[in-house]
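Colleague: Pasting a structure below so you can have a look.
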There are 2 protein chains.
Amino acid sequence: MPSHRLRPGEVAVELPAAYDVGFYFVGSIRTPWARREDCPKNSGESKAVCTIAVDARYAEGLRDIETVSHLIVLYFMDEAARDILLQAPNHYKRPHGAFALRSPARPNPIACSVVRLLRVEGTSLEVIGLDCRDGTPLLDIKPYFASIDAVPDATVGWHAAERK
Amino acid sequence: MPSHRLRPGEVAVELPAAYDVGFYFVGSIRTPWARREDCPKNSGESKAVCTIAVDARYAEGLRDIETVSHLIVLYFMDEAARDILLQAPNHYKRPHGAFALRSPARPNPIACSVVRLLRVEGTSLEVIGLDCRDGTPLLDIKPYFASIDAVPDATVGWHAAERK
């Protein structure tokens, strides 16, 4: 049984009975948005400064991070449905597959945002470019390498075709 | 006790006793590299065509993905150490923090690669831009949006300064 009410055109899947792998929350993300409905629709929509608070246990993992201009941040969208594979967000005309969308709702709700690093103080990182609820659990931080991560001419055909 | 031998300058952490969240393997990745030591050093280093085989259970999640030129692929680096926070890879002069490196070794070994989508056949996606061992478990696929994901002028200071 899907755990969330489906919109017309949406399709849910029966998820496996058990997880295959476990991960740790390595910190949490402080943002200006207390509730999911207050959040920007994507990470490019807000210039708000957010703080990534890394747990003290992982402090050594931050060595040299202050020299990096942009980070890839992976975080767990803990309020997202995990079983809706075909989705009909309000701002699109037709349903699309979860893997063709940046929606938080997906079997593994791991969000991936590119942020600009402003400042490091101890194990706290001030960044611009996040879109999540205050208190969202952190999974990983990586340096953004333009040589492998920047594809300025990438296109999303369905999105260009039907954006309202 | 760290599970892997440390190189000089490396520091390991005692990981928490339990995981905070569980994820599903939603498919697996077929690559030309049978062993970890055969893999390219990063996802930009090889033009080999790899296949992302999504489990049939999640087929509906792929709707419209064939219209997307580039994807963000998240996968689980299942042979990576998770406890080494300060790392001294052979090809760098000094140790760096796991969160300042793209090394698979990190508390949550979730790799994140940008790939070019060549072809979709059923639930199999042919792509260029992966760097992992054949059989690597798949966690997620997302469309790459140049508007939020492309930062061509991003810099990694420590890397530019000490690349051998």
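Colleague: Filter the range B:106-164 down to the residues that are under 21 Å from A:A111 (Cβ atoms) and among the aromatic types (F, W, Y), then identify the one that is surrounded by the fewest Cβ atoms within 10 Å (Cβ to Cβ).
Modeller: B:F145
Colleague: Considering every residue within the range B:138-155, establish whether at least one is in a helix (DSSP H, G or I) and among the aliphatic types (A, V, I, L, M).
Modeller: Yes, some residue in the range B:138-155 is in a helix (DSSP H, G or I) and among the aliphatic types (A, V, I, L, M).
Colleague: Name the single residue that is nearest to B:D131 (Cα to Cα) among those in the range B:45-56 being touching a strand residue (DSSP E or B) at 6+ places or on another chain (Cβ under 9 Å) and surrounded by fewer than 21 Cβ atoms within 10 Å (Cβ to Cβ).
Modeller: Among those residues, the one meeting the criterion is B:S46.
Colleague: Taking the condition hydroxyl-bearing (S, T, Y) and either without any contact (Cβ under 8 Å) to a residue 24 or more places away in the chain or touching a Ser or Thr at 6+ places or on another chain (Cβ under 6 Å) (or both), does A:S43 pass?
Modeller: Here the answer is yes, as A:S43 does meet what is asked.
Colleague: Quick one: how many residues across the range A:91-105 are part of a strand (DSSP E or B) and either without any contact (Cβ under 8 Å) to a residue 60 or more places away in the chain or surrounded by fewer than 16 Cβ atoms within 10 Å (Cβ to Cβ) (or both)?
Modeller: Qualifying residue count, the range A:91-105: 1.
Colleague: Consider the range A:56-75. How many of its residues are under 21 Å from B:P16 (Cα atoms) and over 19 Å from the mean Cα position of the chain (by Cα)?
Modeller: Of the residues in that region, 8 qualify.
Colleague: Could you run through the range A:109-127 and say how many residues are out of contact with any Gly (no Cβ under 9 Å at 6 or more places or on another chain) and facing another protein chain (nearest Cβ under 7 Å)?
Modeller: Result for the range A:109-127: 2.
Colleague: For the range B:64-99, how many residues meet the condition of being touching a helix residue (DSSP H, G or I) at 6+ places or on another chain (Cβ under 9 Å), more than 8 Å from every other protein chain (Cβ to nearest Cβ) and of a type in the set (S, T, N, Q)?
Modeller: The number of residues fulfilling the criteria is 1.
Colleague: For residues in the range A:121-159 being over 19 Å from the mean Cα position of the chain (by Cα) and of a type in the set (S, T, N, Q), which is nearest to A:E60 (Cα to Cα)?
Modeller: A:T123
Colleague: Same structure again: Please go through the range B:13-56 and pick out each residue that is basic (K, R), closer than 25 Å to A:V156 by Cα and in a loop (DSSP other than H, G, I, E, B).
Modeller: Selection gives B:K47 alone.
Colleague: Follow-up question, since we're still on this one. A:D78 - would you say it is free of Cβ contacts under 8 Å to residues at least 12 places away in the same chain and closer than 30 Å to B:D83 by Cβ?
Modeller: no
Colleague: If you don't mind, there's one more thing I want to ask. What number of residues within the range B:138-164 satisfy the criterion of being more than 7 Å from every other protein chain (Cβ to nearest Cβ) and within 22 Å of A:R102 (Cα to Cα)?
Modeller: The qualifying residues number 1.
Colleague: Suppose we filter the range B:1-27 for residues that are under 21 Å from B:R106 (Cβ atoms), surrounded by 15 or more Cβ atoms within 10 Å (Cβ to Cβ) and either more than 10 Å from every other protein chain (Cβ to nearest Cβ) or not hydrophobic (A, V, I, L, M, F, W, C) (or both); how many remain?
Modeller: Residues meeting the conditions: 6.
Colleague: When residues of the range A:108-136 are filtered for being over 18 Å from A:D38 (Cβ atoms) and in a strand (DSSP E or B), how many remain?
Modeller: Selection size over the range A:108-136: 14.
Colleague: Going through B:A160, B:A59, B:A81 one at a time, which residue ends up being outside any loop (DSSP other than H, G, I, E, B) and more than 26 Å from A:G157 (Cβ to Cβ)?
Modeller: The conditions single out B:A160.
Colleague: Let me ask another. Since A:E45 meets every condition but one in (1) under 16 Å from A:D140 (Cβ atoms); (2) within 13 Å of another protein chain (Cβ to nearest Cβ), which condition does it not meet?
Modeller: (1)
Each reported figure results from applying straightforward, stated rules to the coordinates on display, with no laboratory input. Computed from a predicted model, the values in this text were never measured in an experiment. Cβ sites come from the backbone with ideal geometry, for glycine too, and all protein chains shown count toward neighbours.
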